[in-house]
1. Out of (1) buried (at least 21 other Cβ atoms within 10 Å of the Cβ); (2) part of a helix (DSSP H, G or I); (3) within 16 Å of the chain's Cα centre (by Cα), what's the single condition that is false for Pro349?
2. For residues that are buried (at least 18 other Cβ atoms within 10 Å of the Cβ) and not in a strand (DSSP E or B), tally how many sit in the range 64-91.
3. Is it the case that Lys425 is at pLDDT 95 or above, touching a helix residue (DSSP H, G or I) at 6+ places or on another chain (Cβ under 8 Å), basic (Lys, Arg) and assigned by TED's automatic domain parsing to the domain that holds Gly94?
4. From Ile315, Ile362, which residue is under 13 Å from the mean Cα position of the chain (by Cα) and either surrounded by fewer than 24 Cβ atoms within 10 Å (Cβ to Cβ) or part of a helix (DSSP H, G or I) (or both)?
5. In the range 1-23, is there at least one residue being assigned to a loop (DSSP other than H, G, I, E, B) and at pLDDT 50 or above?
6. Give Thr341, Thr309 a once-over and let me know the one that is assigned to a loop (DSSP other than H, G, I, E, B) and among the β-branched types (Val, Ile, Thr).
7. State which residue pairs qualify: first residue without any contact (Cβ under 8 Å) to a residue 60 or more places away in the chain and inside the range 176-187, second residue of a type in the set (Lys, Arg) in any location, beta carbons under 6 Å apart, and separation of 6 or more residues or different chains.
8. Mind checking whether some residue in the range 167-187 is out of contact with any Pro (no Cβ under 8 Å at 6 or more places or on another chain), surrounded by fewer than 22 Cβ atoms within 10 Å (Cβ to Cβ) and closer than 17 Å to Leu51 by Cα?
Amino acid sequence: MRSAAKQPFSPSFSEARGSWGRFRRWNRFQGHAENDKVMKVLIAGGGIGGLATALSLHAVGIEAEVFEQARELREVGVGINTLPHAVKELATLGLLSGLDRVGIRTSELIYMSRLGQTVWQELRGMDAGYDTPQFSIHRGKLLGLLHQAALERLGSAQIHTDHRLVGFDERADRIVARFERRDGGERIEAAGDALIGADGIHSAVRSAFYPDEGSPIWSGMMGWRGATEWPIYRDGQTMVIAGGNAAKFVFYPIHADPAKPDTRLTNWGIMARIGDGTKPPPRREDWSRPGRLDEVLSLVRDKFRLGFTEPEALIEATETFYEYPNCDRDPLPRWSFGRVTLLGDAAHPMYPNGSNGAGQAILDARRLAAHLTSCTSVAEALAAYDAERRPATAAIVLSNRRGGPEGVIDVVEARAPHGFDDIDKVASYAEREAIVRGYASLAGYAKDQVNTRGGPVRAERQRKGRT
């Protein structure tokens, strides 16, 4: 693979401006125009970002081919939240009914202290006046929804598993990527007009341009996540985050089984500090590494007094749960190099504060497709995508390091560690609002930002009885 210094911007062909992806490409070697030549994009990585990219490109008439290093695309992980800005993009891709099948529309968010006192409470999604819902959903179910849509729209021949990226080169009017299969060691080459590195926090594409970057940066915080059937809390659509960033408990439902009306498949999460962040995490980041019951219980016991649920009992009732070191990487000075760019966790891995990781990858995918249909060359399009998305996501990465919207709990707990009688005497409404809603504006999901963007809005408003 090449280093960044050896990959200058060097557009070698021009594409006619056109609407939604049909391109006429000038072949300098053959000396004639290839009519009806469809742009082709190679995508390294078949996660949420990679599949959202494939669907977004397909929607605008650009051919996409996905290469995933895992032997199969499995529905691993537990719950995530998909905020209205990302849901609007998924709805535009025709996936809203699928989200309703496998997830829950989040109606309310409550931030609490670890003693169960409310720090901030607000409606969410369409209950808050958005024209697009917010979803709490199993990460694997979201991945499965994207995967099934990609199979149906692109065809199974365009989605490859057991293909690990081992190198790539830019050659005249194309990019050539090389992949290796673990089963048999076979080497495969694929050529396209662009290569998108959507290959996660340990991205091979990123390391080609930044070979000296090293491992992800660990905060010293470890997270554990699981899901189990649990009695309904409030309306069965409410999300709770309790405790500051040194000891945090997360609780929200992610699926409603009609056969079990009194319970929900409920996601829980624990975040606790186990190191100072000066050393690597004890175990490599992984979506499917089982957690240890004794380890997480020791960090929960006697830490929370919430009233509505007992974290220790919830954890003990969960058959299998997973651990996740809280890692990110420093924002980069550049993502795009000629015909190659980065996307999702390969570009901007971030702490989970604020529920923005998957959502920002989806936004990346949609904006990348838009730039590829409006610019006169691949290099120009990828540079424009870089210029738009890189500064925006860098700001979120840095904000998440400071606690993101959940930093409002840290402020209150620092000032009133033993609880309070009047929250407004600890932190005014204006101060708390500035933290929570300031982050929403920074990340692009404030109500005015989402509702002013186009999308499949009218049917949803009618569904809620609105005009």
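1. Checking Pro349 against (1) buried (at least 21 other Cβ atoms within 10 Å of the Cβ); (2) part of a helix (DSSP H, G or I); (3) within 16 Å of the chain's Cα centre (by Cα), the one that fails is (2).
2. 14
3. Working: at pLDDT 95 or above: yes; touching a helix residue (DSSP H, G or I) at 6+ places or on another chain (Cβ under 8 Å): no; basic (Lys, Arg): yes; assigned by TED's automatic domain parsing to the domain that holds Gly94: yes.
The answer is no for Lys425.
4. On the way: Ile315 fails: under 13 Å from the mean Cα position of the chain (by Cα).
It is Ile362.
5. Here is the first cut: in the range 1-23, the ones assigned to a loop (DSSP other than H, G, I, E, B) are 1-3, 7-14, 16-21.
Okay, now just the ones that are also at pLDDT 50 or above, so none.
Scanning the range 1-23 turns up no residue that is assigned to a loop (DSSP other than H, G, I, E, B) and at pLDDT 50 or above.
6. Working: Thr341 fails: assigned to a loop (DSSP other than H, G, I, E, B).
Every option except Thr309 fails the conditions.
7. Glu180/Arg164; Glu180/Arg187
8. no
The values are calculated or read from the model by the stated rules, or taken from the named source; none is laboratory data. Computed from a predicted structure; not experimentally measured. Cβ: placed from backbone, ideal geometry, glycine included. Neighbour counts: every protein chain shown.
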